[in-house]
Amino acid sequence: MYRNIQTGALLLVMAYSGQLNAQTLTRFQPTHEQMVERYKRAERIDSLTKNSVFKSTVEAHWANDGESFWYCNILKDSAREYFRVDAVTGKKEKISAPGLEPTASAMDRRQRNGGFGNFRNGSISPDKKWEASIVKGNLFVKPADGGAPVAFTTDGSEEAPYGAMTWSPDSKYLTGYLIHPVKDAEVYFVLTSVPGTTRGQLRGRPYKQPGDPFTRYDLFIFSIDQKKAVKVNTETIDFPNNAPQSHWRYDNPRFFIYEKFDRGHQRLRVIEVDANTAQARNIVDETTKTFIYLDRQIMLYPKGSNLLIRSSEKDGWRHLYLVDLVNGHEQLITKGNWVVRNVDTVDLEKKEIWFTASGMNADEDPYLIHYYRIGFNGNNLVSLTPDKGHHNVVFSPGRKYYIDNYSLVNVPPVTQLRRSSDGKEMALLEKADLSTYNKAGVAPPEVFVAKARDGVTDIWGIVSRPSDYDPSKKYPVLENIYAGPHDSFVPKSFVPYSEMQSLAELGFIVVMIDGMGTANRSKAFHDVCWQNLADAGFPDRVLWIKALAQKYPYVDTDHVGIYGTSAGGQNSVGALLFHPEFYKACVAACGCHDNRVDKQWWNEQWMGYPVGKHYEEQSNVTNAAKLQGDLLLIVGEADTNVPPESTYRVVDALIKARKNFDFLSVPGMDHSDGGPDGRKKRNFFVKHLMGVEPPDPNSGEWSLKKELGRERWAFQ
């Protein structure tokens, strides 16, 4: 082992000095017999690394006073050890197994407004004097102590009812909607192999695709004193598929607020309504030429105030703003070239916001999450997690203390107890125990950074290598891709072992990259995806892999494969259609290959509305005839996420274009990367990128075995 490390180090020195380059290396190309041994070796390492890291987290069980807690470490062979911690002093002591756990919650949870039934805050008015009901689609109100109900509406029906009612705090008004429901068209699939049947079983379910209509909502005010309904002078709400919540003004319950997101994701409004006049005015009216990310909007209305805390990317980065709901004044709270990730809580008394952010520390990976506290006025920023790493914090009841667990993808977890008032570390609780993991002889991934297509922006990714790699050989590359714009995907917490490393053990350099068009960076970085999902960050990915090969000559950029599932399935096929000069082989599972076929909410967010020609132009179905390289398509016939026909339409187009490809439809499988037949992926790449025949299950070299109630492929 030591000799191999010395040899590798020498070869790397030669590489940097120019004595060794990609042209002087030979391809890694084992024989079939050697490859069989590599499969066996990978399987052994899979087994050795499973559940091999201990003391990586602490689950605190707090006493009711919030001043102490106990926790348990689960060790090798399921052994347990228990500790009690005095949070005030930071003293930690070993104890015997405790009795019943305290009932105090270990985490504060921010409650969300929810529910879209007939009455959101009950049918009884806040002053308990009135009771409302919906009868055959119409609103009736009667005295709670008895009396005849009064019909406030007569034009509702069971097909188009009034509903989603909210009482005003003073019980003088109800707000609600006349609802015009839309029944979504169905998508179907056939289960071909249901036990006990001799016919395929048809299954269908409602599924909204891009361009499909939404349920519409007309906003009304119902005056209890005047016993009448008045339509608010505002637009019909036709997006998204639910009625907005009403937020009543704290100081004057004559006014209420609601939010409106326009279809197409390019306009967001916060609208105030005067219940006396049924007139509306815009308090916030934000527009963009690209998109406003609906699911990432932070909209918080601190109870007991006339304030709104909201997020926006209008200055180029996702930040927090404080809105005065009375005069409409909006003030920037956070600022800088970094991203607010979420709000944990709002302290109205202290006028403080507790939030998470990434990218604030210039010397760190910009995706690492840290926790902070800041005043409403943008002053007194406090970092609660100063150590370098990707942090996960759980607060004590009362939030006086918190447990901070942090790590990097290649640095094991550390868990600390800290004090909320000033972030002071009270105790080092645990450092992860890697003694068992280290015996497997593998290493976590390496973090690698290269420049994007603009030559300025840093693109971050990770690299997994064979644990026995020889720097004098050239290894084919596999990219694990998921370029969905709804998030970023390269792991940031400690990754002791993964499918990427398992694939690497067969003789691949396996990489994962967050290219332009994914989330959690600047607005400009994210905007690359707008009406441009076929881009998938490929110009950045290709440059990144080439930069990796420039640093490490054993990275073979002449033999690059790619694999992905769902949006990653769409992306990976796109690699062969749009970048065949670089990518040579692909395994795509359950891909959303045509954005007109996949779910509405995801695709319209990035591709826009109405559905235009760009949808067709970027479809893998439309471009199937461009296929070069080796392709394996996998689909689950029972996929309830992406309709299976998304893949079948690509298959149809490839057949019509007389293209060669492999295809696997798995009976009964839902949305998956291949299910129990996942070996197909690694076999495909071994054959097409290495030119080596993989192990053959038909010859008895491996077989399906059951382990802990699960089936897996294993060697004899």
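Computed from the coordinates by the stated procedures, all read-outs in this text should not be read as laboratory data. Here the structure is a predicted model, which is why all the values come from computation and not from measurement. Because the Cβ atoms are built from the backbone with ideal geometry, glycine has one as well, and the counts that use them run over all protein chains shown.
Here is the list for region 142-192: GluC sites (Glu not before Pro) lying in DSSP coil, each with at most 11 other C-beta atoms within 10 angstrom of its C-beta, are Glu158, Glu159.
Are there any trypsin sites (Lys or Arg not before Pro) in region 186-235 that are in a DSSP loop and have at most 16 other Cβ atoms within 10 Å? List them by number.
Sites meeting the loop and neighbour criteria: Arg199, Lys227.
Distance from the alpha carbon centroid of region 223-237 to that of region 475-517 works out to 54 angstrom.
Between region 415-462 and region 365-399, what is the separation of their alpha carbon centroids in Å? Between the Cα centres of region 415-462 and region 365-399 lies a distance of 16 Å.
Set the Förster distance to 56 Å, then compute FRET efficiency between Arg27 and Arg254 from the Cβ-Cβ distance, nearest 0.05. Before the final figure, lay out each step's value.
Details: r = 77 Å, r/R0 = 1.37.
About 0.15, to the nearest 0.05.
Let me make sure I get this right: for region 631-685, a, b and c are the square roots of the gyration tensor eigenvalues over alpha carbons, sorted descending. Under 1.5 in a/c it's rounded, otherwise prolate if a/b > b/c, else oblate. Which is it? Because a/c hits 1.5 or more and a/b fails to exceed b/c, region 631-685 counts as oblate. The alpha-carbon of Lys142 sits under 17 angstrom from the alpha-carbons of these aspartates and glutamates, leaving out residues fewer than 8 places away in its chain: Asp127, Glu131, Asp170, Asp225. Computed per residue of the chain from DSSP H runs no shorter than four, each worth -39500 (n - 2.57), the mean residue ellipticity at 222 nm is -4500 deg cm²/dmol.
Is region 196-240 best put as rounded, prolate or oblate by its Cα gyration tensor, with a ≥ b ≥ c the root eigenvalues, rounded for a/c under 1.5, and otherwise prolate when a/b is larger than b/c, oblate when not? Could the numbers behind the result be given before it?
Working: a/c = 9.42, a/b = 2.74, b/c = 3.44.
Taking the square roots of the gyration eigenvalues as a ≥ b ≥ c, region 196-240 is oblate.
Sites listed here are trypsin sites (Lys or Arg not before Pro) in region 408-451 whose DSSP assignment is loop and whose Cβ has at most 16 other Cβ atoms within 10 Å: Lys424, Lys439.
If the segment from Glu499 to Glu93 were pulled out straight at 0.36 nm per residue, it would be longer than the present Cα-Cα gap by 142.3 nm.
Calculate the tail of P(r) for the chain: the fraction of all Cα-Cα distances greater than 47 Å, expressed in %.
30
Please work out whether region 403-489 counts as rounded, prolate or oblate from its C-alpha gyration tensor, where a ≥ b ≥ c are the square roots of the eigenvalues and a/c under 1.5 means rounded, while otherwise a/b larger than b/c means prolate and anything else oblate? Judged from the Cα gyration tensor, region 403-489 comes out oblate (a/c at least 1.5, b/c at or above a/b).
Remark: for residue pairs Lys626/Lys656; Lys523/Lys613; Lys50/Lys687; Lys656/Lys687; Lys492/Lys680; Lys584/Lys656, the C-alpha separation exceeds 19 Å in Lys523/Lys613; Lys50/Lys687; Lys656/Lys687; Lys492/Lys680; Lys584/Lys656. Once the Cβ-Cβ distance of Glu81 and Lys613 is raised to the sixth power relative to R0 = 51 Å, the FRET efficiency obtained is 0.20.
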